[in-house]
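To start, the structure under review is shown below, and the notes come after it.
The values are calculated or read from the model by the stated rules, or taken from the named source; none is laboratory data. These numbers come from a predicted model, not from an experiment. Glycine also receives a Cβ, built like all others from the backbone with ideal geometry; neighbour counts cover every protein chain displayed.
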Amino acid sequence: MSWSSPYLAVAFYKYVPIEEAEVFAVKHLKYCQRLGIFGRIIVADEGLNGQLSGTVAQCEQYMSDLISDERFSKTDFKIDEADRLAFQKIHVRYKPEIVHSGLKGIDPAHKTGKHLSAEEFKELKKKDNVVIVDMRSNYEHHVGRFKGAITLDIENFRDLPTKMNELAELKDKTVITYCTGGIKCEKASAYLLENGFNDVYQLDGGILKYAKTGGGEDFEGKCYVFDGRVVVDVNTVNPVLVSSCIHCGTPSARMINCVNELCNNQIVMCESCGWEWDGACSEACKHEAKRAYDGTGYYTKSSHQSTVISQQ
Ligand SMILES: [Zn+2]
Ligand SMILES: [Zn+2]
C-alpha cells in the first residue's frame, strides 16, 4: 500500500493462546526496541493487544513480522495515517488479560457474539426488536455513539457486571454490541451469551473499522481513542456533534485533559475556551498543579514528570 503521511498509527488485537506469555513479552519488547517503534502492547496468555505508532517503514515491518508468526497470521490491523507520532515510548507488558474485564471464565476464542461487517450491521439495526448497546465507558460515549444506542454509566469496562440488571430486559431482543476496536465486545458479547441472552452480535473491528469500511453512517459525535489523538472522526455520511464545550456550551468534540495534573479530568472544551481558560476545567483548576497548556490539552508522562521536577 502507499501512504501519503510520514507516520502510521496501527491498532490490532488477537485472541489466541500464547504459551509462556511472560517470556514472549520480554522478547517482544526487545524486538520493538530494535525496530524503534513506539506504542503499547499487552501480552496475555489469551492473546495480544497493541497500539503502535511509527514511520511507515517501521509499521509495515512490524505487521509483516507479526503475521509471519502462524499464531498471528490472521490478525486484522487498523491503520491510520498520521502527521505525528501518537506515542513517545514503547511499552510491552504481560497482563492477565489483553483487555481488563475481570470476567472470569469468558473465553472469546471458544464462544462469542456473531461478527457483523459494516454492511451487515447497517441492515440488522434497521430491523424490529434489535437494540444496539455501547460497551464503552462514560468518557467515551459522552463524545460519540451510535444513534439510538443504549449506553452504560460505567467508568471502566470491568464494571459491566454491575449493569446486568439494567440490561436484563433486553434478553429477548437481538442485541448488537460495539466498542472502539472490537476487543471489548469479544468478551462483552460472550458475557451476555453466558448470562442468558440468546441473540447477540458484535460489530466486527468496532467503530474504527466501521468508519473505514462503512463511512461511519449514523455514528453521532467522534470516537474516543487511547492515544495522543484523543478523538477521531468517524462519520462522513451524516455527521452531527453530541457534546458541547463545558465553558461556553458551543457544540464541540474537542476533548482534552484538564491542565491541573491532580484533576486531569477528560472534558470537552472548544479551542477558544481552551486558550481563555488555559486548559482548566474550573476556576480552581486554573490555579493548582498547572502544567503548560500548549493548545492540545494532551500531556505525556514525561512532560508531566518534568513539570513536577521544575516545581521542586
Ligand atoms: Zn467554549
Ligand atoms: Zn480540573
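The table that follows gives values for the structure above.
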| item | result |
| --- | --- |
| Of all residues in region 243-267 being in contact with a Lys or Arg (Cβ under 7 Å, 6 or more places away or on another chain) and within 13 Å of ligand 2 (Cβ to nearest atom), the one that is nearest to residue 146 (Cα to Cα) | 259 |
| Which numbered condition residue 278 fails, given (1) farther than 12 Å from residue 295 by Cβ; (2) within 13 Å of ligand 2 (Cβ to nearest atom) | (1) |
| Residues located in region 197-218, provided they are at positive phi and at pLDDT 95 or above | 206, 216, 218 |
| Of all residues making up region 105-163, the number that are closer than 20 Å to residue 223 by Cα, loosely packed, with under 15 Cβ neighbours inside 10 Å and over 20 Å from the mean Cα position of the chain (by Cα) | 2 |
| From 232, 240, residue being touching a helix residue (DSSP H, G or I) at 6+ places or on another chain (Cβ under 8 Å), among the aliphatic types (A, V, I, L, M) and away from ligand 2 (no atom under 16 Å from the Cβ) | 232 |
| Residue match in region 136-156 (condition: modelled with pLDDT of 95 or more, within 14 Å of residue 192 (Cα to Cα) and touching a Ser or Thr at 6+ places or on another chain (Cβ under 7 Å)) | no |
| Qualifying residue in region 156-163 (condition: outside any helix (DSSP H, G or I), touching a residue at least 40 places away in the same chain (Cβ under 8 Å), in contact with a Phe, Trp or Tyr (Cβ under 8 Å, 6 or more places away or on another chain) and not aliphatic (A, V, I, L, M)) | no |
